[in-house]
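S.K.: Here it is, the structure in full.
The values are calculated or read from the model by the stated rules, or taken from the named source; none is laboratory data. Quick caveat, the model's predicted, so the values are computed rather than measured. Ideal geometry is used to build each Cβ from the backbone, glycine not excepted, and the neighbour counts take in all protein chains shown.
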């Protein structure tokens, strides 16, 4: 990265680490897996790559996301905007597409 | 930590120096808000979001200023065509812009100055240029005299006569009353019905190049660390910003960074497969918003990038691999392997 922001090389390091973590998990070597996985998470943070952590989103936030989609379907944009603001205040990145709303931790 | 970065002004990879140790001041030319952002805008924000996050990750305190050009011929043209107030177009397009940036995961700049908020300061800068004989009046506005800038053309790395021989576009080289073809408009007199601000020379609006030099210097001060934007801004926009600062004896940006283009080399094939997605909100509706960041991370920022179905799909697959890794290792946490982080940062 320090060499003219060479992200393709940095991504090579990241993908290599992902492979190593997977191999370590398969081998039951949780200590190596934990250190390598933590390094991968650090790298992802450094380049703004969000890992999909949908499983960690709490039920209350998910309920709001469902209500947001319902409000949009009913063209009740005032309610949809209010729910979006509430989710953002809870620290979520709220993405609304034609397929529906997805949440990610900010 | 030393980040070595290509500098357009010197054509060299050299250390990105910090005016204040531990801090970095960056000016990024933002959008002219007259339509939805296209994928080129997406690249020109993602590249600098990656730079900013990386610098912050290394412990540098970043101040990123990125403007909104909310008055421009293109906005006025659209307002006339659609019979709508120009401000309504600018405000709605700005809203769409930041909505798209949020979806891309681009952090909001620390400051978002709008050109219309700086008209008074722009008028002040033009008055100073006139007082130094670096600007003159024509029938349609006030123009910068580029011949007063000895190293004009520095960022373009091209002799100005060669550029002229190649035939420039009229916006750059036009207007018959100009003293030199490269001279550019600082203040444009308004026609009846057009938005107008007062000035000592008559009502009008600022030229694009004056907006950014004023906003960057007002907010970041002289000798700020880095000025950046897409390669298309190198000339004339950045050259002309720099020319005004040089003519006034002001210390301008110390490092210049430009990202490569988004190219559509697949032509019709791309339009069939992707439905010709050149509009950023459309791309974000169809794909995981992280896919574009992933695609750009796998390309050097100075290289052109193709955005097509095959490489977006490859990025989506790469994300799936990382997500599945994240899911199976999510409960594991330890001190990150230091060698990996060193390889990541240094190479």
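S.K.: What's the number of the only condition in (1) more than 8 Å from chain B (Cβ to nearest Cβ); (2) assigned to a helix (DSSP H, G or I); (3) modelled with pLDDT under 95 that residue A:55 fails to meet?
M.R.: Unmet for residue A:55, out of (1) more than 8 Å from chain B (Cβ to nearest Cβ); (2) assigned to a helix (DSSP H, G or I); (3) modelled with pLDDT under 95: (1).
S.K.: Quick one: is residue B:89 assigned to a helix (DSSP H, G or I) and either at pLDDT 90 or above or at positive phi (or both)? Talk me through it step by step, then tell me what you get.
M.R.: On the way: assigned to a helix (DSSP H, G or I): yes; either at pLDDT 90 or above or at positive phi (or both): yes.
Spelling it out, residue B:89 is indeed assigned to a helix (DSSP H, G or I) and either at pLDDT 90 or above or at positive phi (or both).
S.K.: Follow-up. In contact (Cβ under 8 Å) with a residue 40 or more places away in the chain, in a strand (DSSP E or B) and in contact with a strand residue (DSSP E or B) (Cβ under 8 Å, 6 or more places away or on another chain): which single residue out of B:55, B:5 fits that description? Write out each step before concluding.
M.R.: Numbers: B:55 fails: in a strand (DSSP E or B).
Within the list B:55, B:5, the selection yields B:5.
S.K.: Ok, one more. Does residue B:318 fit the bill of being part of a helix (DSSP H, G or I) and either in contact (Cβ under 8 Å) with a residue 12 or more places away in the chain or under 26 Å from residue A:28 (Cα atoms) (or both)? Steps first, please.
M.R.: Values: part of a helix (DSSP H, G or I): yes; either in contact (Cβ under 8 Å) with a residue 12 or more places away in the chain or under 26 Å from residue A:28 (Cα atoms) (or both): yes.
Considered against the rule, which asks whether it is part of a helix (DSSP H, G or I) and either in contact (Cβ under 8 Å) with a residue 12 or more places away in the chain or under 26 Å from residue A:28 (Cα atoms) (or both), residue B:318 comes out as yes.
S.K.: Among the residues of the stretch A:16-37, are any within 7 Å of chain B (Cβ to nearest Cβ), in contact (Cβ under 8 Å) with a residue 24 or more places away in the chain, in contact with a helix residue (DSSP H, G or I) (Cβ under 9 Å, 6 or more places away or on another chain) and in a helix (DSSP H, G or I)?
M.R.: There is at least one residue in the stretch A:16-37 that is within 7 Å of chain B (Cβ to nearest Cβ), in contact (Cβ under 8 Å) with a residue 24 or more places away in the chain, in contact with a helix residue (DSSP H, G or I) (Cβ under 9 Å, 6 or more places away or on another chain) and in a helix (DSSP H, G or I).
S.K.: Of everything in the stretch B:329-345, what is loosely packed, with under 15 Cβ neighbours inside 10 Å and at the interface with chain A (Cβ under 7 Å from one of its Cβ atoms)? Give them in sequence order. Lay out the reasoning, then the answer.
M.R.: Let us first name the residues in the stretch B:329-345 that are loosely packed, with under 15 Cβ neighbours inside 10 Å, namely B:330-331, B:333, B:335, B:338-339, B:342.
Listed by number, the residues that qualify are B:333, B:335.
S.K.: Check the stretch A:39-46 and report whether any residue there is free of Cβ contacts under 8 Å to residues at least 40 places away in the same chain, touching a helix residue (DSSP H, G or I) at 6+ places or on another chain (Cβ under 8 Å), over 29 Å from residue B:3 (Cα atoms) and more than 7 Å from chain B (Cβ to nearest Cβ).
M.R.: Checked the stretch A:39-46: no residue is free of Cβ contacts under 8 Å to residues at least 40 places away in the same chain, touching a helix residue (DSSP H, G or I) at 6+ places or on another chain (Cβ under 8 Å), over 29 Å from residue B:3 (Cα atoms) and more than 7 Å from chain B (Cβ to nearest Cβ).
S.K.: Only residues that are part of a loop (DSSP other than H, G, I, E, B), within 12 Å of residue B:257 (Cβ to Cβ) and more than 14 Å from chain A (Cβ to nearest Cβ): list them for the stretch B:8-44, please.
M.R.: Passing the criteria: B:9, B:29.
S.K.: If only one of B:71, B:122, B:126, B:142 is buried (at least 22 other Cβ atoms within 10 Å of the Cβ), free of Cβ contacts under 8 Å to residues at least 60 places away in the same chain and under 24 Å from residue B:185 (Cα atoms), which one is it? Give the derivation first.
M.R.: Values: B:71 fails: free of Cβ contacts under 8 Å to residues at least 60 places away in the same chain; B:122 fails: free of Cβ contacts under 8 Å to residues at least 60 places away in the same chain; B:126 fails: free of Cβ contacts under 8 Å to residues at least 60 places away in the same chain.
Sole residue among the options that is buried (at least 22 other Cβ atoms within 10 Å of the Cβ), free of Cβ contacts under 8 Å to residues at least 60 places away in the same chain and under 24 Å from residue B:185 (Cα atoms): B:142.
S.K.: Residues being more than 26 Å from the chain's Cα centre (by Cα), within 21 Å of residue B:46 (Cβ to Cβ) and more than 7 Å from every other protein chain (Cβ to nearest Cβ): count how many of those fall in the stretch B:297-328.
M.R.: Qualifying residue count for the region: 9.
S.K.: Would you pick out the residues in the stretch B:142-159 that are under 25 Å from the mean Cα position of the chain (by Cα) and not in a loop (DSSP other than H, G, I, E, B)?
M.R.: If the condition is that a residue be under 25 Å from the mean Cα position of the chain (by Cα) and not in a loop (DSSP other than H, G, I, E, B), then B:142, B:143, B:144, B:146 are the ones that fit.
S.K.: Among the residues of the stretch B:221-261, which ones are closer than 14 Å to residue B:150 by Cα and in a loop (DSSP other than H, G, I, E, B)?
M.R.: B:248, B:249, listed by residue number.
S.K.: Restricting the stretch A:38-52 to residues that are part of a loop (DSSP other than H, G, I, E, B) and at pLDDT below 95, which is nearest to residue B:293 (Cα to Cα)? Give the steps one after another, and end with the answer.
M.R.: First, the residues of the stretch A:38-52 that are part of a loop (DSSP other than H, G, I, E, B): A:47-52.
Still in the running and at pLDDT below 95: A:50-52.
Details: A:50: 10, A:51: 12, A:52: 14 Å.
Per the stated criteria, the residue is A:50.
So that you can scan it fast, the table gives a plain yes or no per residue for (1) in contact with a helix residue (DSSP H, G or I) (Cβ under 7 Å, 6 or more places away or on another chain); (2) under 14 Å from residue B:124 (Cα atoms); (3) modelled with pLDDT of 95 or more:
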| position | (1), (2), (3) |
| --- | --- |
| B:182 | yes, no, no |
| B:199 | yes, yes, yes |
| B:213 | yes, yes, yes |
| B:222 | no, no, yes |
| B:228 | yes, no, yes |
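S.K.: On the given criteria, is residue B:112 over 30 Å from residue B:178 (Cα atoms) and away from every other protein chain (no Cβ under 14 Å)? Walk me through it before giving the result.
M.R.: Working: over 30 Å from residue B:178 (Cα atoms): yes; away from every other protein chain (no Cβ under 14 Å): yes.
So residue B:112 fits the description; yes.
S.K.: Does residue B:111 fit the bill of being more than 20 Å from residue B:278 (Cα to Cα) and modelled with pLDDT under 95?
M.R.: When the stated conditions are applied, residue B:111 does not pass them.
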